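Worksheet: the structure to be examined is printed underneath.
Taken together, the values in this text are just the output of simple stated rules run on the coordinates, not laboratory data. Everything numeric in this text was worked out from a predicted model, so none of it was measured. Cβ: placed from backbone, ideal geometry, glycine included. Neighbour counts: every protein chain shown.
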Amino acid sequence: MNERIRLMFAEAVDMKLEELSNGEMTIQVAYIAPMCEEKMIADFIFVPFAKREQPYREQLRTIVEYKVADDVAKWRDLLLRGNALIEADGIVYSLYAARIICNESPQTQVESAIQGPQLALSEDLTKSLNLIRSMYQSADLSVEEHTIGSVSKTPIMVVFDQRRVDPTILDNVRTKITTIHVEMVNAAGELDKLLIGKRKHLFPTVLITERPDRISKAIAKGKVVILMKSSMFAIILPATFFDFMHAVEDHYEAFWMTRFLIFLRYTSILLTITLPALYISIVSYNPELFRVQLAFSIAGSRSAVPYPSFIEVFIMLFMIETLIEASIRLPRYIGSTATTVGGLILGQAAQQAGLVSSIMIIVTSVVAIANFVIPVSSLSFAVRFLKYPLIIIAIFFGISGVAVGVFVYITYLCNLRSFGKPYFRIFGRLQPTEGDIGQVKLK
Amino acid sequence: MRNVFCCVILLVTVCFLGGCGFKDIDKRFFVVATGIDKTDNEQKPYRITLQLALPSPKIEPGASKAQLETIDASSIAEGVRMLKSHVDKELDFGHCKIFLVGEELARSDYSGMLQWMRRRRDIQSVADIAVAKPDAQALLGVKPVSERYPGNTLFLSFGADGTDSPYTYVQPLSEFSKRAFEKGLDPLLPIIIPDSKESYIINRTALLNKNKIIMVLSPEETQLFAQLAESYPKSSVRGTYEDTQVVAAVSDIRSKYRMTTQGAKTVIAFKVKMSVVLEDAPENLYKQEWASIEKKLSEDYSRQAEELLRKIQQAGVDPFGFGLRYRANHHSNNPNEAYEKWLPIYPGADFKVNAKVNIEGTGLIQ
């Protein structure tokens with residue numbers, strides 16, 4: 001066996017090919033050392049083989065962990081997934097002894113909730129499944145395993161409630177997964193793009209989350225969840241726009257306050273998209289929309305600014321976007337310094353230097369802060385882009401242009417489908433059997 | 001490739017459709033008040049005075065700065081066009097909430113001015129119109145010391161944010177033009193008089209017909225008119241009781257009227273119900289019966305109101321809209337038929353005012 005394996009693999013020092021003999025019998029053992037738990041291999045193979053308390057041949061036959069691996073073609077995969085291969089008496093057995101390096105039951109970081117489960121999904125599939133199963137203790141929970149990526153061979157799991165799931169969506173997901181041809185998949189976001197199939201999309205149509213409570217709630221609603229090895233994020237599909245505007249805490253806190261928070265989120269998403277465009281169109285086209293005091297003070301503070309309003313907007317937005325981008329990529333210790341320098345000093349200085357007006361500073365900070373109110377970061381990211389087309393329209397057409405632009409966005413949202421489900425549907429649950437008028441044809 | 005190219009060309013050309021509307025706020029000159037006077041010159045009968053605000057980032061009391069521009073022109077539109085060449089920025093009437101009509105112009109013919117205001121896109125319908133005495137140019141020269149930004153004092157006097165005076169009648173452009181064109185309803189305008197170099201008095205009202213001022217109401221009559229026509233609270237009633245003057249603040253007032261035909265005569269009967277709190281009253285009133293005072297106040301009020309109504313009737317104007325009510329209640333096939341019937345009726349109509357004053361309290365706690 002070892003000779004054949006040597007031929008299968010490239011020259012690698014971490015490939016262990018041993019031949020052992022204890023007088024009674026001779027076995028060949030093959031495994032990739034870094035992929036396997038050395039202790040487990042010692043406990044299951046080397047020690048019992050050497051001690052001879054029980055005939056090793058007997059052990060191989062009786063203990064279920066040893067599985068017969070006759071098919072030579074599968075050896076390579078088995079070894080790469082952390083199995084050890086044992087040949088005894090001409091029969092090849094495989095033993096699963098994989099060592100998985102992952103973060104130990106991590107805390108939620110991306111979507112944190114003050115009161116609510118603090119544990120996030122793990123990068124290890126079994127631990128993630130443990131979390132989900134302990135939150136969703138139902139016999140109907142179905143778990144399917146698939147593999148994606150011709151090189152990376154990433155295991156993924158499709159989790160759903162077999163009674164509640166929408167069969168058309170499930171079929172759709174299964175066919176999508178089997179038809180994906182790609183070499184490597186490393187992150188949930190990558191899988192998300194492959195599942196959607198569209199390369200250029202403006203809005204996320206599947207929800208990526210790290211929270212087991214969000215996942216269990218989604219499963220209970222009949223949605224399909226895809227877990228992925230070595231990624232602590234799961235994909236929930238189908239998703240609607242409103243799922244993205246919804247934080248898990250909305251279920252945990254006082255009713256009226258959470259309603260108010262939801263209202264606040266929708267207001268801020270509207271502000272962050274339209275405010276720069278409205279600033280341009282009101283300042284340059286319809287100043288009578290301001291109250292007269294405000295009009296005079298804006299005119300006064302703008303009188304030092306040599307550029308037209310849209311250049312001013314571009315200067316400030318460029319500054320704030322670079323600032324946000326820099327503070328995400330920077331290590332935490334430097335991050336706060338960057339925000340202080342950028343936010344306070346640059347903003348103040350830019351205004352004193354007469355590069356931007358003081359109102360523009362307020363507009364920019366409202367835009368940035370309102371953007372962070374969106375609870376799911378993928379939508380927050382997508383929304384950051386939406387203001388720019390509106391700004392362009394506002395430069396040429398003023399307020400009516402902005403209104404048309406917002407209308408176009410809403411139309412686009414209504415046109416979107418997430419796995420065949422309307423993305424922007426507010427009212428009414430869709431029964432799996434009934435179709436939606438104008439629904440896109442599923443391929 | 002060809003399609004993409006076409007799309008780009010289309011997008012670029014579409015971008016130019018907006019035209020030249022783009023003008024930054026600091027490149028605009030905000031007109032905060034416009035005055036229109038009549039000159040003696042036959043060729044250039046209009047004198048236009050614009051109060052232009054000089055914006056400043058700091059707004060504090062007394063820091064208001066404004067620039068006055070005056071021009072004589074043959075028409076208002078032409079004058080404004082000419083004035084553009086006197087200033088360095090684009091004139092914007094978007095914040096012009098006050099239009100002052102010189103008394104002389106208002107006494108001759110205001111219809112040309114109204115035409116111009118209604119046609120211009122950037123003049124808002126909520127702008128207030130007033131008659132300036134002696135003329136608009138002099139009035140715009142007044143600089144109130146407390147003013148935070150140009151035009152503020154006049155905005156506040158008329159708007160609901162500042163004072164609520166029963167003597168100040170507010171007439172927005174939309175209302176004025178409605179009254180100027182509706183048959184059976186005549187316009188009225190407040191009159192602004194400069195008090196000194198630093199303040200204004202607005203307590204008289206001019207009654208106009210479709211062309212010019214017919215009569216002027218005194219401050220007391222202005223208040224009475226507001227009470228009768230608009231049930232205006234925050235006002236007062238006045239009367240005498242046993243030779244002492246009684247003044248009461250109105251807390252609630254309801255005024256309505258019915259028009260009935262009795263024989264050949266049309267009777268317009270007002271019913272005015274009000275609740276008042278005494279402000280000026282005899283000393284030992286608290287323990288007395290109030291019914292007699294209420295009766296006396298009601299009688300005094302009825303008499304004053306009837307006098308005012310007859311005075312307005314004799315002047316031949318109809319600011320209450322009796323004619324409009326008549327037209328609404330009388331069917332006619334021809335649009336003008338009802339109105340033509342009304343015209344001879346109005347001068348002969350009889351007025352009756354039935355006031356009912358209810359004293360809520362003396363304003364004192366014993």
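Observations on the structure shown:
- DSSP bridge orientation in the protein assembly as shown - percent antiparallel, rounded to nearest 5: 80
- Helix-only mean residue ellipticity at 222 nm for the protein assembly as shown, each DSSP H run of n ≥ 4 adding -39500 (n - 2.57), per residue, nearest 500: -12000 deg cm²/dmol
- Within a Gaussian network of chain B (alpha carbon springs, distance under 10 Å), most fluctuating of B:Tyr232, B:Tyr149, B:Tyr241: B:Tyr241
- Against the main long axis of the alpha-carbon atoms of chain B, helix B:291-315 sits at an angle near 50°.
- Rg(Cα)/(2.2 N^0.38 Å) for segment A:2-96, N = residue count: 1.01
- For segment B:140-239, the list of GluC sites (Glu not before Pro) that fall in a loop by DSSP and count at most 16 other C-beta atoms within 10 angstrom reads B:Glu182, B:Glu198.
- Taking N as its residue count, the alpha carbon Rg of segment B:126-185 over 2.2 N^0.38 Å: 1.29
- Cα-based equivalent ellipsoid of the protein assembly as shown: semi-axis lengths in Å, sorted from largest, via gyration tensor: 84, 32, 26
- Across segment A:323-398, the mean sequence separation of Cα contacts (distance under 8 Å, 6 or more residues apart), normalised by length, yields a relative contact order of 14 percent.
- Test item: B:152-159 mean partner chain Cβ contacts at 10 Å: 1
- Taking chain B as a Gaussian network of alpha-carbon nodes connected by springs under 10 Å, the highest mean-square fluctuation of the residues B:Gln67, B:Gln171, B:Gln288 belongs to B:Gln288.
- Segment B:226-361: C-alpha gyration tensor shape, a/c 1.5 cut-off, then a/b vs b/c: prolate
- Segment B:1-103, Cα convex hull volume normalised per residue, Å³: 155
- Cα Rg, Dmax (largest Cα-Cα span) when computed across segment B:183-248, Å: 15.0, 46
- Averaged over the residues of peptide A:283-289, the number of Cβ atoms from other protein chains lying within 10 Å of each residue's Cβ is 6.
- Listed peptides A:76-82, B:307-313, B:333-339 appear in the order B:307-313, A:76-82, B:333-339 once ranked by packing, highest mean of other Cβ atoms within 10 Å at the front.
- With Cα atoms, 0 to 90° folded angle of helix A:292-302 axis to chain A main axis: 70
- Among B:Leu285, B:Leu217, B:Leu114, the largest mean-square fluctuation in a Gaussian network model of chain B, built with springs joining Cα atoms closer than 10 Å, belongs to B:Leu285.
- Members of B:Lys271/B:Lys295; A:Lys387/A:Lys421; B:Lys23/B:Lys143; B:Lys97/B:Lys212; A:Lys127/A:Lys193 lying beyond 18 Å, as alpha-carbon distances in this model show: A:Lys387/A:Lys421; B:Lys23/B:Lys143; B:Lys97/B:Lys212; A:Lys127/A:Lys193
- Residues A:His246, B:His330, ranked from the fewest to the most other C-beta atoms within 10 Å, line up as B:His330, A:His246.
- Gyration tensor (alpha-carbon) shape descriptor, segment A:253-422, a/c threshold 1.5: oblate
- Here the ratio of the Cα radius of gyration of chain B to 2.2 N^0.38 Å is 1.23.
- With Rh defined as the Kirkwood radius, the inverse of the mean 1/r over Cα pairs, the Rg/Rh of segment B:68-213 is 0.94.
- Database remark: amide H of A:Lys16 closer than 5 angstrom to the amide H of A:Tyr31, A:Ile32, A:Ala33 (H placed geometrically; neighbours at sequence offset of 5 or more, or on other chains; Pro and chain starts carry no H).
- As a proxy for reagent exposure, ranking A:Ile426, A:Ile320 by other Cβ atoms within 10 Å from fewest up yields A:Ile426, A:Ile320.
- Cα-based shape type of segment A:125-239, given that a ≥ b ≥ c are square roots of the gyration tensor eigenvalues and the cut on a/c is 1.5: prolate
- Here segment B:196-273 and segment A:36-92 have alpha carbon centers that stand 108 Å from each other.
- Taking one quarter of the surface of the C-alpha convex hull of chain A gives a mean projected area of 28.6 nm².
- For the residues of A:297-306, the average number of beta carbons from a partner chain within 10 Å of their own beta carbon is 6.
- Of the residues B:Cys7, B:Cys15, the one with the fewest other Cβ atoms within 10 Å heads the list, and the complete ranking is B:Cys7, B:Cys15.
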